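K.L.:
Handing you a structure now.
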Amino acid sequence: MNTIFIGGSRQVSRLPAEVKKRLDNVIASSHKVIVGDANGADKAIQKHFCDARYPLVTVFCSGEAPRNNLGSWTTHRVDVPKGAKGFQFYAAKDREMAREADFGLMIWDGKSPGTVLNVLRLVQAGKISVLFNVPDKSAVNVKTVDQYRDFIQRCEPAFRTDLRERATAKEWSLIEADAQPSLLGQAPVDEARASSSSQPASAPPNEETVQTLNAALASGDPARIMEILGSIARERGMSQIARESGLARESLYRSLDAGGNPEFMTVMKVLASLGVRLEVKPFDSSPRFQVAVV
């Protein structure tokens with residue numbers, strides 16, 4: 001029994017026959033369903049399962065009470081970060097559903113950035129998602145970040161801009177370099193610019209970058225180390241580092257995150273691609289050893 005996150009655009013109030021067939025397959029397979037509480041697609045999805053008297057549904061909501069729960073199913077209330085308003089208030093439940101689900105089915109009106117953003121959240125968590133485009137009556141299976149990135153590149157620039165504004169920096173970092181100032185105090189460099197840069201990935205970083213990375217290593221905090229190393233890698237261009245190191249770009253994005261846990265060989269290959277290496281040396285006043293980047 002799998003858990004399916006089913007959601008969609010607020011402008012979709014009536015489900016196409018193709019989508020209803022997929023929902024009936026979910027019922028026939030006795031999968032668990034998690035769905036939001038909004039009007040539009042969420043409410044239409046709820047109605048389909050309510051009409052079928054399907055009990056394996058949980059309604060997620062941001063805040064105290066759901067706006068819609070047509071089947072009087074179990075409610076999962078999601079705590080919202082203090083100060084969150086508008087889109088970000090309701091996005092809290094979407095992020096929780098993406099974490100809880102095994103698969104996703106998103107019913108898209110061809111315009112809503114929120115629905116497409118949920119596909120990113122699912123893929124980011126390693127889950128397969130189906131994006132059903134209602135106007136085109138077509139479905140796209142998105143299994144990897146690379147597939148998602150290719151899909152986004154085919155969308156209109158205005159849509160990509162809207163999507164980026166709604167995504168968190170961490171979510172968008174899988175698509176391109178972080179739009180916010182980096183931890184190294186330098187301007188971000190996106191993949192395309194990094195790939196075309198005259199500076200090869202194997203060129204050594206500047207002294208400030210080396211000092212920043214050494215300070216992270218000295219802290220002994222794995223999350224801090226990965227955060228800094230990931231920031232350096234994104235600035236250089238993750239595609240180029242992937243080519244230099246022989247590692248998969250998607251795997252690099254996932255590993256070089258504050259919550260990542262890469263293998264030691266992965267770290268070594270990334271450092272070599274950046275033009276630095278680890279060196280062990282004793283502490284000045286102790287027989288213990290420390291690791292530094294040189």
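The values are calculated or read from the model by the stated rules, or taken from the named source; none is laboratory data. This one's a predicted model, so the numbers in the text were calculated from it and none came from an experiment. Positions of Cβ are generated from backbone atoms using ideal geometry, with glycine treated the same way; all protein chains shown enter the neighbour counts. Keep in mind that these areas ignore ligands, DNA and RNA; they rest on the heavy atoms of the full protein, side chains included. Shrake-Rupley method; radii C 1.70, N 1.55, O 1.52, S 1.80 Å.
K.L.:
Does Gly110 qualify as being outside any helix (DSSP H, G or I) and either open to solvent by 60 Å² or more (accessible area, probe 1.4 Å) or under 23 Å from Ser255 (Cα atoms) (or both)?
P.N.:
Details: outside any helix (DSSP H, G or I): yes; either open to solvent by 60 Å² or more (accessible area, probe 1.4 Å) or under 23 Å from Ser255 (Cα atoms) (or both): no.
Here the answer is no, as Gly110 does not meet what is asked.
K.L.:
For segment 113-134: of the residues being of a type in the set (Gly, Ala, Ser) and buried (at least 19 other Cβ atoms within 10 Å of the Cβ), which is farthest from Val12 (Cα to Cα)?
P.N.:
Going residue by residue through segment 113-134, those that are of a type in the set (Gly, Ala, Ser) are 114, 125-126, 129.
With the extra rule that they be buried (at least 19 other Cβ atoms within 10 Å of the Cβ), the set shrinks to 114, 129.
Details: Gly114: 13, Ser129: 18 Å.
Top of the filtered list is Ser129.
K.L.:
Restricting segment 135-148 to residues that are more than 16 Å from Asn118 (Cβ to Cβ) and not polar (S, T, N, Q), which is most open to solvent (accessible area, probe 1.4 Å)?
P.N.:
Going through the qualifying residues, I end up with Lys137.
K.L.:
Kindly indicate whether any position in segment 230-239 is at pLDDT 65 or above, touching a strand residue (DSSP E or B) at 6+ places or on another chain (Cβ under 8 Å) and hydrophobic (A, V, I, L, M, F, W, C).
P.N.:
Kept after step one, since they are at pLDDT 65 or above, are these residues of segment 230-239: 230-239.
From what is left, the residues that are touching a strand residue (DSSP E or B) at 6+ places or on another chain (Cβ under 8 Å) are none.
No, there is no match, as no residue in segment 230-239 is at pLDDT 65 or above, touching a strand residue (DSSP E or B) at 6+ places or on another chain (Cβ under 8 Å) and hydrophobic (A, V, I, L, M, F, W, C).
K.L.:
Given the conditions (1) over 23 Å from Glu235 (Cα atoms); (2) under 16 Å from the mean Cα position of the chain (by Cα), report the number of the one that Asp109 does not fulfil.
P.N.:
(2)
K.L.:
Report whether or not Asp24 is charged (D, E, K, R), modelled with pLDDT of 95 or more and open to solvent by less than 60 Å² (accessible area, probe 1.4 Å).
P.N.:
no
K.L.:
Could you tell me whether segment 193-216 includes any residue that is modelled with pLDDT under 65, crowded, with 17+ Cβ neighbours inside 10 Å and under 23 Å from the mean Cα position of the chain (by Cα)?
P.N.:
Within segment 193-216, one or more residues are modelled with pLDDT under 65, crowded, with 17+ Cβ neighbours inside 10 Å and under 23 Å from the mean Cα position of the chain (by Cα).
K.L.:
Any residue in segment 83-104 that is closer than 23 Å to Ile152 by Cα and surrounded by fewer than 14 Cβ atoms within 10 Å (Cβ to Cβ)?
P.N.:
yes
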